[in-house]
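This report refers to the structure that appears directly beneath it.
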Amino acid sequence: MLTLLRDLRRLRQTAALPRPDRGRSLALRHVDAGSCNGCEHELTLANSPYYDLQRFGLGLVASPRHADVLLVTGPVTSRMREPLLAAYNAMPEPRRVAALGDCALGCNLLGTHDALVGAVDEVLPVALRISGCPPRPDEIAAALLALIDQKNQHAP
Amino acid sequence: MSRHRDTVQQSIEAGSRFATLYASENTVRTVLVAPHGATQIIVSPVVDGHARSVVDLVPAAAWDEREAADLYGICFDGHEPLRPLVNHDPDLESWTVPVQGRDAYQIAVGPIHAGVIESGHFRFHVVGDRILHLDARLFYKHRGLERAAEGHSPEGGIAFAQRACAGCAVSNSLAYAHAWENALGLAPTRELSCSRTILLELERLWNHLNDIAAICAGVGFAAGNNRFAGLTENARRLNEALTGHRFLFDTISVGGSTLTLTREQVAHAREQLEAIRDESRRAWRELLFNASFQDRLPDVGVVSADDARTLGAVGPAARASGLAEDARTTSHRLAYDDFQPVAPKRTAGDVQARLEQRAVELLQTFDLLESLLDAPVNPTSTVAGGLEADVGIGRVESPRGATVCVVEHTNRQIKRVHLRTGSYANWPVVAHAAAGNLLPDFPLINKSFELCYACADR
């Protein structure tokens, strides 16, 4: 166990991102609306020791009721449309929707008309667009940090 | 008894295993694979929307028949009750198994889960904390990829196989490429086989590291989870350095591979792999000596060898139950010379065995990569090596087990493509493994299989 913790400390020291200098936080809730699982794999690693989004106040929360940002991956499938709307409707205001990955942005969608609704912005108002197939963990981190900066600018 | 059922029964008795079943052009096609790897397609007619079920002979075909019923409107006589699978009927009684009793109740989980997890719905029938039965309803992510691929050329269709799932992108696109090469009478050169085998093992490497991390997460062991997540990151960075993509996207084509490595790149890869091997060995040792972690693993989510065989389990899950099943032993199109499947000492079919299975397979993958990366990689192409046919089959061992792709074509245009992945084969096994266990152990049981929803849903 000590070896593990020592390894983790070393990893964090050599992490790719700079130390946090921001004072705010955002609670994120992820919804997979039909992705290939690539965005999920990269989002998971954005929380691994190399990136460690929590250091910047970016935490993934278990319920949309605790979330500021709904992070949506994948093209929206017809079967995920209702659960996605239910998650959005469960969020307190103010709330933001972030579309994560090219599918969520509606690029090169693969599938049939019956099975797919389309890009996330056909269902919800999208405030942040993170492109990539899939976007790398550092790209996800950079985009979300920009959202915090934006929030700080608007703060009184 | 109809003739196709006789054929299926005889082949199964002779040692063949079920590979896939799908609907095509008013027929139902059952694909079986013999122990030496030869595949056989058994065609049965659909008359007035009805076909004879084979589910009593091959229980592993249950999901396949339910899918064909939902997507192609075929009624399988003898498959009772034929519950919906891909179609989501709001009527609970139409798709769940009735579980009755004074204290039995249901717990609904999903499709949206608490962590960063794919979408799928689980309905647990429980008494107290004890799971009596689990009905899994997937296909929330069904995108209609197979239908959408129809009419495409060999090259145009590969995206549908690859983007079915990022975790198995190489396996799925390679199964697709093999299916086409089989149909077009093409055989890979040795150089191409080696290049593709490296890609397949690089995919297995990051997946197995990821899966070990996931099992740690399943018991809330954050230090172990983070350590192996860090190693997964190292493996994905290596993928990017070698191919330009962390998930090895677009590296496989019909008749080719883009993985070209200079002497310097091969040296870099070997150095990185050596580092990942050393660090993962050290981290694994820490897991072994962490008693509170190890205590959670044995005798949880047990799948006996008989059940694994009956339910058609594949991949690490099947091998952890004591089945010596590995499509790499019969992958003549790849560079797995004299490959022998490995297993840990204890093949009890529980969470511990499935975890240890990943660890022993990782060692094998490091060895395979080391032997394949001994010279610059320069794939050539395919050469003529067989007869042309209007149907081709590809079978590849993905990180989650045997993945089968069937392509039917007319004049090199896809008429029907069907992809049955290792995850698809193993989902019914997860539901079986959960029964009898405690509900709080389900995340752990689920993570010990670590199946993709995306490539099951397609």
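For the reader, a short list of remarks on this structure follows.
- Kirkwood Rh and Cα Rg combined as Rg/Rh, the range A:60-132: 0.97
- Calculated P(r) of the range A:1-147 - Cα pairs past 24 Å, %: 33 percent
- FRET efficiency, B:Glu93 to A:Arg65 (Cβ-Cβ, R0 25 Å, nearest 0.05): 0.25
- Which of B:Val54, B:Val391 has the fewest Cβ neighbours within 10 Å, and the rest in rising order: B:Val391, B:Val54
- Rounded if a/c under 1.5, otherwise prolate or oblate - chain B, Cα gyration tensor axes: oblate
- Entry note, chain B: the mean residue ellipticity at 222 nm calculated from DSSP H runs of n ≥ 4, each adding -39500 (n - 2.57), is -13500 deg cm²/dmol after division by the residues and rounding to the nearest 500.
- Here the relative contact order of the range B:5-125, from alpha carbon pairs under 8 Å that lie six or more residues apart, stands at 15 percent.
- Per-residue ellipticity at 222 nm computed for chain A from its helices equals -9500 deg cm²/dmol, with DSSP H segments shorter than 4 residues left out and the rest contributing -39,500 (n - 2.57).
- Considering the range B:130-275, its Cα convex hull presents a mean projected area of 11.8 nm².
- Relative contact order [Cα under 8 Å, 6+ residues apart], chain B, whole percent: 21 percent
- Against the empirical curve 2.2 N^0.38 Å, the C-alpha radius of gyration of the range A:28-96 lands at a ratio of 1.14.
- Cβ crowding within 10 Å ranks B:Val170, B:Val360 as B:Val360, B:Val170, fewest other Cβ atoms first.
- Taking Cα atoms only, the orientation of helix A:137-154 departs from the longest principal axis of chain A by about 90 degrees.
- Shape category assigned to the protein assembly as shown from the gyration tensor of Cα positions, a/c cut at 1.5: rounded
- Prolate/oblate/rounded call for the range B:256-384, Cα gyration tensor, a/c under 1.5 rounded: oblate
- The residues neighbouring B:Gly144, those whose beta-carbon lies less than 15 Å from its own, together hold a net charge of +2 under the Lys/Arg +1, Asp/Glu -1 convention.
Where a number appears in this text, it was derived from the coordinates with a stated rule and is not lab data. Keep in mind the model is a prediction, meaning the values are calculated, not measured. Don't worry about glycine lacking a Cβ; one is built from the backbone with ideal geometry, like all the others, and counts go over all protein chains shown.
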